[in-house]
Amino acid sequence: MPTENYGVMIILSSPSGAGKTTLVKLLSKIKNFEISISHTTRSPRLNEKPNEDYYFVSEEKFKRLIQNEEFLEFAKVFDNYYGTSRTPVINKLDNGKNVLFDIDWQGADQIKNKKLDYKLITFFILPPSKEVLFQRLSNRDMRDKLIADERMKQFSRDVLHWINYDYVVINDNLEKCYTKIKKLINAEVNNESKDYDVNYIRSHIEKLTS
Ligand code: ADP
Ligand code: 5GP
């Protein structure tokens, strides 16, 4: 059973562009919080640093890592493979570090189903509207507008997975969203009451999907 000496696993998932990577980076600045760096077969974006944002690897190398059972979870997302290596995550948790995961719903499901002996808190991040999401994707993926279009197409399918997460948080104002997540983590860890209104989230989902 987890004790207070072990770290907590914190997963952030979202439709692409809602802001989970930005939020994970902010949260990782809190003392004792560390990011799980994933492997991916996708090419780096202009601002991304190898071994910091991702371990960028060939498909051949990725498949070897699968065969060697190095991954805690892995999935194919938008035609590329993404995966979380098991050993660094377990070492961090055993050393009392809280580990942040920026992974999709398939990876979140896999980790949940493993029922590891560490506390797990899952967050699903939503954009304030589809218009804002498109704007964010277009700004980020400037090199290729097709990427933004493709990821928008996936939005209505991705958003349906909100139901499987502990908390859904709307990323309108970045600072407010960050503070909300931080408070929910603290409340979970300390077993305190949570400021969370699932009915408000339901009505936001209805707006996003109508
Ligand atoms: P995701 O990891 O969910 O795909 P990112 O964190 O890469 O999304 O964010 C997508 C884009 O939106 C980035 O350019 C990021 O700087 C921007 N962004 C994130 N959160 C906000 C926010 N609250 N307000 C405005 N822009 C944001
Ligand atoms: P991006 O290409 O925008 O960095 O990420 C695309 C999607 O892959 C996002 O939903 C992101 O959370 C997810 N992702 C990143 N790393 C992993 C991982 O290790 N495992 C899984 N399952 N998904 C990941």
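The values are calculated or read from the model by the stated rules, or taken from the named source; none is laboratory data. Model, not experiment: these values are computed from the prediction. As a convention, Cβ positions derive from the backbone with ideal geometry for all residues, glycine included, and neighbour counts pool all protein chains shown. The area values use the complete protein model at the heavy-atom level, side chains included, leaving out ligands, DNA and RNA. Shrake-Rupley method; radii C 1.70, N 1.55, O 1.52, S 1.80 Å.
When you look at residue 164, is it within 30 Å of residue 90 (Cβ to Cβ), modelled with pLDDT of 95 or more and surrounded by fewer than 17 Cβ atoms within 10 Å (Cβ to Cβ), yes or no? Taking the combined requirement at face value, the residue satisfies it. For segment 143-174, a residue qualifies if it is farther than 14 Å from residue 16 by Cβ and in a loop (DSSP other than H, G, I, E, B), and the qualifying residues are 143, 165, 166, 172, 173. Looking for something under 30 Å from residue 198 (Cα atoms) and of a type in the set (Val, Ile, Thr) - is there at least one such residue anywhere in segment 111-118? Among the residues of segment 111-118, at least one is under 30 Å from residue 198 (Cα atoms) and of a type in the set (Val, Ile, Thr), which makes the answer yes. The residues on offer are 38, 85, 58, and the sole one that is polar (S, T, N, Q) and touching a His at 6+ places or on another chain (Cβ under 7 Å) is 85. State whether one or more residues within segment 175-197 are open to solvent by less than 100 Å² (accessible area, probe 1.4 Å), in contact (Cβ under 8 Å) with a residue 60 or more places away in the chain and in a loop (DSSP other than H, G, I, E, B). So far as segment 175-197 goes, no, none of its residues is open to solvent by less than 100 Å² (accessible area, probe 1.4 Å), in contact (Cβ under 8 Å) with a residue 60 or more places away in the chain and in a loop (DSSP other than H, G, I, E, B).
Only one residue in 176, 183 is within 15 Å of ligand 1 (Cβ to nearest atom), basic (Lys, Arg) and closer than 30 Å to residue 96 by Cβ. Which one? Don't jump to the end; show me each part of the working.
Numbers: 183 fails: within 15 Å of ligand 1 (Cβ to nearest atom).
Being within 15 Å of ligand 1 (Cβ to nearest atom), basic (Lys, Arg) and closer than 30 Å to residue 96 by Cβ holds for just one of 176, 183, which is 176.
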